[in-house]
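The values are calculated or read from the model by the stated rules, or taken from the named source; none is laboratory data. Predicted model, so just to flag it, every value in this text is computed and none were measured. Glycine gets a Cβ as well: all are built from the backbone with ideal geometry, and neighbour counts include every protein chain shown.
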Amino acid sequence: MPKRLDRFVTRITAPNPGAMTGPGTNSYLVGEDELALIDPGPALEGHVATILAAAAGRLRWILTTHTHADHSPAAAMVKAATGAQVLGMPAPQHGSQDRGYAPDRVPAHGERLALGGITLRAIHTPGHASNHLCYLLEQTRMLFTGDHVMQGSTVVINPPDGDMRAYLASLEGLLAEDIAVFAPGHGYLIGAPHKEVKRLVAHRLAREAKVVAALRRRGESSPDQLVADVYDDVPARLHPVALRSLAAHLDKLVADGSARHAAGRYILFAKRSAQ
């Protein structure tokens, strides 16, 4: 069921609820006389039919935030039905991606797309995915965040395409933007966006501190040995998913020069005492 959020934006949630998708993937129709679709979602005929009915022949652009399987596969179906131009970044070679995704054009960071009297500005936000983009509706300051920020949950950072250092830098970058509200790829609108960004950064850094503390206690360890310590606040059934973000935290520590990695095991570099 389409949900009108304001004068310019309608949200349509795909029927793909789950542990990783929350209520389902959000697709957004943006504009008035001419529309852009942000995140067409999974290739489900019923979902596409709902989008097409709500667009009512006005769809001109299809924008994707990234190429995970719950966000971009319907782009081909919607383009075939409407002739709309597909904009987004191609799928990276590694990771679980939508290999059939074929954008007509790749928007540059900071590029503005004019939709009648409103504009969407593309913001490159790597971290959850290397090809992740957010889109800022400049007139209302609503940011469509894809999986960069989700409502009700933190996002999984899954190496090698997911990168914790890049994710934290992308979050920090949003603090320089004038944003009124987040429209996430999963869940509902998020108010006080700068406060939410600071909360997410603090959460990730607190998790990193738990990784460091666990390595200090255990010494040289594998991710499997660390996950129960680092994610002791997460149900054990979710530890296989948590292992992905744990790997991203460990990779960040190595990249920061705080740890080293060999043969699937990690150890902290000993701090030199002051002389």
Among residues of region 258-275 being at pLDDT 95 or above and small (Gly, Ala, Ser), the residue farthest from SER222 (Cα to Cα) is SER258
Does THR65 meet the test of being under 21 Å from THR145 (Cα atoms), in contact (Cβ under 8 Å) with a residue 40 or more places away in the chain and surrounded by 18 or more Cβ atoms within 10 Å (Cβ to Cβ)? yes
Neighbours by Cβ (under 8 Å, 6+ apart or cross-chain): first from region 234-255, free of Cβ contacts under 8 Å to residues at least 24 places away in the same chain; second of a type in the set (Phe, Trp, Tyr) and surrounded by 13 or more Cβ atoms within 10 Å (Cβ to Cβ): HIS239/TYR231; ALA242/TYR231; VAL254/TYR266
Hand me the list of helices (runs of 4 or more DSSP H) wholly inside region 183-275 holding 1 or more residues that are within 21 Å of the chain's Cα centre (by Cα). 193-218, 239-255
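Do we find that ALA19 is farther than 14 Å from TYR135 by Cβ and at pLDDT below 95 in this structure?
Numbers: farther than 14 Å from TYR135 by Cβ: yes; at pLDDT below 95: yes.
Taking the combined requirement at face value, the residue satisfies it.
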Yes or no: region 82-93 includes at least one residue that is closer than 21 Å to MET1 by Cβ, crowded, with 21+ Cβ neighbours inside 10 Å and touching a residue at least 24 places away in the same chain (Cβ under 8 Å). no
Restricting attention to region 152-181, the residues that are touching a Phe, Trp or Tyr at 6+ places or on another chain (Cβ under 9 Å) and without any contact (Cβ under 8 Å) to a residue 40 or more places away in the chain number exactly 1
Residues within region 6-63 that are within 21 Å of GLY83 (Cβ to Cβ) and assigned to a strand (DSSP E or B), tallied: 16
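Would you call VAL155 surrounded by 20 or more Cβ atoms within 10 Å (Cβ to Cβ), at pLDDT below 95 and within 19 Å of VAL181 (Cβ to Cβ)?
Details: surrounded by 20 or more Cβ atoms within 10 Å (Cβ to Cβ): yes; at pLDDT below 95: yes; within 19 Å of VAL181 (Cβ to Cβ): yes.
Yes: the conditions hold for VAL155.
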Looking only at strands (runs of 3 or more DSSP E) that fall completely inside region 64-178, which ones have 1 or more residues that are of a type outside the set (Asp, Glu) and under 18 Å from the mean Cα position of the chain (by Cα)? 85-87, 118-124, 133-137, 142-146
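Conditions tested, residue by residue: (1) crowded, with 21+ Cβ neighbours inside 10 Å; (2) among the aliphatic types (A, V, I, L, M); (3) not assigned by TED's automatic domain parsing to the domain that holds ARG237.
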site	(1), (2), (3)
PRO15	no, no, yes
GLY18	no, no, yes
ASN26	yes, no, yes
VAL30	yes, yes, yes
ALA36	yes, yes, yes
GLY46	no, no, yes
ALA49	no, yes, yes
LEU52	no, yes, yes
Across region 192-232, what is the total count of residues that are touching a Pro at 6+ places or on another chain (Cβ under 9 Å) and under 30 Å from ILE179 (Cβ atoms)? 0
